[in-house]
1. Only residues that are over 11 Å from the mean Cα position of the chain (by Cα) and open to solvent by less than 10 Å² (accessible area, probe 1.4 Å): list them for the stretch 83-99, please.
2. Scan the stretch 47-69 residue by residue and report those that are surrounded by fewer than 19 Cβ atoms within 10 Å (Cβ to Cβ), more than 22 Å from residue 130 (Cα to Cα) and under 15 Å from the mean Cα position of the chain (by Cα).
3. Against the condition surrounded by fewer than 17 Cβ atoms within 10 Å (Cβ to Cβ), in contact (Cβ under 8 Å) with a residue 12 or more places away in the chain and under 24 Å from the mean Cα position of the chain (by Cα), how does residue 365 come out, does it pass?
4. Name the residue that is most open to solvent (accessible area, probe 1.4 Å), counting only residues in the stretch 373-415 that are basic (Lys, Arg) and closer than 28 Å to residue 463 by Cα.
5. Pairs please, first residue from the stretch 123-138 and surrounded by fewer than 24 Cβ atoms within 10 Å (Cβ to Cβ), second anywhere and of a type in the set (D, E, K, R), Cβ atoms under 6 Å, 6+ apart in sequence or on different chains.
6. How many of the residues in the stretch 416-447 are out of contact with any helix residue (DSSP H, G or I) (no Cβ under 9 Å at 6 or more places or on another chain) and either surrounded by fewer than 20 Cβ atoms within 10 Å (Cβ to Cβ) or of a type in the set (Lys, Arg) (or both)?
7. Quick one: residue 463 ticks every box in (1) without any contact (Cβ under 8 Å) to a residue 60 or more places away in the chain; (2) open to solvent by 70 Å² or more (accessible area, probe 1.4 Å) bar one, so which box is it?
Amino acid sequence: MNFKNQCRQRLMAWLLAVAVLITPLSIPAQTRIALHKNSYSTSDDIKAGRQAASQVERQLPILNDYEATAYINRIGQRLVAAIPREYQHPEFRYTFKLVNTRDINAFALPGGPMYVNRGIIEAARNEGELAGVMAHEISHVALRHGTAQATKAQKYQWGILAGAIAGAVVGGNLGQVIASGTQLGIGTYFLKFSREYEKEADLLGAQVMARAGYDPRDLANMFRTIEQQGGGGGPQWLSDHPNPGNRYAYINQEADELNVSRNPIKVTSEFRNVQARLGNLPRARTMQEIARSGQPNESRSAGSGYNRAISYPSRNYRAYNSGNFLRVSVPDNWREFTNGDSVTFAPDGAYSQQGITRGVMFGVVRARSRGLQQASDEYARGLLQGNPYLRQQSAYQRTSLDGRTALGTVLAGTSPLTGRVEVVTVRTTFLRSGELFYFITVTPQNEAGAYNPAFQNILRTLQLNG
């Protein structure tokens, strides 16, 4: 063996020895959660969740406060983006709405619809605790616990999957309210998840929190906050979410195994503002009070952002850059509301969770058709289905968006929000990705003269990035 080879072997031996010395004896690892047997498809989750959501929103007082709803949506989407890949379902559509009740509770339905009680926001001590509850509920959806539980219960011959799942996830007094107006059948037998499912949602929720920039210990702290503020009768959350045992300890242990930010999200200005905003609203009822009254939607319009006195568009404009698909200038007295791949601009008093009465909307949707006419038609049909008071007033006209071939059409009808004829103009074009971009303007017909110049200025400044 020559001298060079001897040196090379000695060097490799030394490097191996160093590698052994610096390698930790044990590598921390997050808990691996196995999915349960499930005889339903993900499309069944989506269908059941939609049906149950429709039922829930008829029976519960949804709080239509745009700012508070936008806030929980931003937290929710941040958490959804942090779900580990093996538990992601791209076909699920996670949505987040507020329920105007005092009870400290939240629940989610298969496929993504989630409802956060006003009471849990008011009880939380920081955004991390609120995010912990939401991460727990999102984890139930990602792990498909609703349909997994329905799979176990098939021997009881459940009738309607949506009804059964609604009973399974909401439980307690909430279950009483929903059951009072619907036929749930044997779904009311399963009013809460098992302790096994609860622990899995705790652990995955902790992992999601860490990946999203929160401290999972806030989830553990939230359980203690709930116990302290729940009152002598026992908090609603703990009724619907049974303690698997040693909850505080195992969540903290899981946090020790995770890569938690050194500066996690805690108290934010948005959190303080939304708590104060909700605190200024009239007192919310409890679920027991709603059940006794038989009028769950009595306070449905609380927090509406609509106002009769609305300023016309400013002559001063500000630039907006979405960062991914859009640059545009809008009147500087219009407010911005983002939701996923869409952004809305509207003046104060012209928006709420129910929609806008004046302003513009931009967004991107997946197109099933490759032809612009067919894709535009599909999108317009969806708008008309979601807003049945509107009717298409014109055939598609060839137009332009940022120099690209586009189509435009006009919808109109008497708005249930204003009682006046509303004019909605829809323009669409394809992005290079193949997605359909839309630009929508909304105004009462008798105010079109005041808004059309602003719409034209917006159109002239529009730049598409994709």
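The values are calculated or read from the model by the stated rules, or taken from the named source; none is laboratory data. Keep in mind that this is a model prediction, so the values were computed, not measured. Quick reminder, even Gly has a Cβ in these numbers, built from the backbone with ideal geometry, and neighbours come from all protein chains shown. In case anyone asks, the SASA skips ligands and DNA or RNA and just uses the protein heavy atoms, side chains included. Shrake-Rupley method; radii C 1.70, N 1.55, O 1.52, S 1.80 Å.
1. Residues satisfying the conditions are 83, 84, 87, 99.
2. The answer is 50, and nothing else.
3. Taking the combined requirement at face value, the residue satisfies it.
4. Selected residue: 398.
5. 126/266
6. 12
7. So the condition that residue 463 fails would be (1).
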